[in-house]
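Notes follow the structure.
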Amino acid sequence: GMRGIFSAALSFAMNAAKPMHEAAAAFGVHPLYVALPSYVGIMGGGAIINLGYCFIRLAKVTDLSLKADFSLAKPL
């Protein structure tokens, strides 16, 4: 389902970020850490997509209710 699509998208994004990795390496960043700057954009974009999907789902599916979920919480 969606996990497979997003896993593939992550793979494509990491491949598309190769110029960022090369630029980081040119600045002298250790090879272990050259991918870290690209993760900011990739994971941030994924978080925004996920948040949007959740809001759309909350708006469309009437059985889902954030208020009802919070009312089920029990005190510690």
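The angle separating the long axis of helix 36-60 from the principal Cα axis of greatest extent in the chain is about 20 degrees.
Extension gain, Leu10 to Arg57: 0.36 nm times the residue separation minus the Cα-Cα distance gives 14.7 nm. Shown here: the chain, whose C-alpha atoms stretch 53, 32, 16 Å along the first, second and third principal axes, sorted largest to smallest. The modelled label-to-label distance for the pair Arg3/Ala47, using points 7 Å beyond Cα in the direction of Cβ, is 2.2 nm. Sparse packing (at most 14 other Cβ atoms within 10 Å of the Cβ) combined with a DSSP loop state is found for the following chymotrypsin sites (Phe, Trp or Tyr not before Pro) in the chain: Phe27. Of the peptides 41-51, 14-24, the ranking by mean beta-carbon count within 10 Å, highest at the top, reads 14-24, 41-51.
We did not get these values from a lab; they are worked out from the coordinates using the rules stated. Since the structure is predicted, the reported quantities are computational estimates derived from the model, not experimental observations. In this analysis, Cβ positions are derived from the backbone assuming ideal geometry, glycine residues included, and neighbour counts consider all displayed protein chains.
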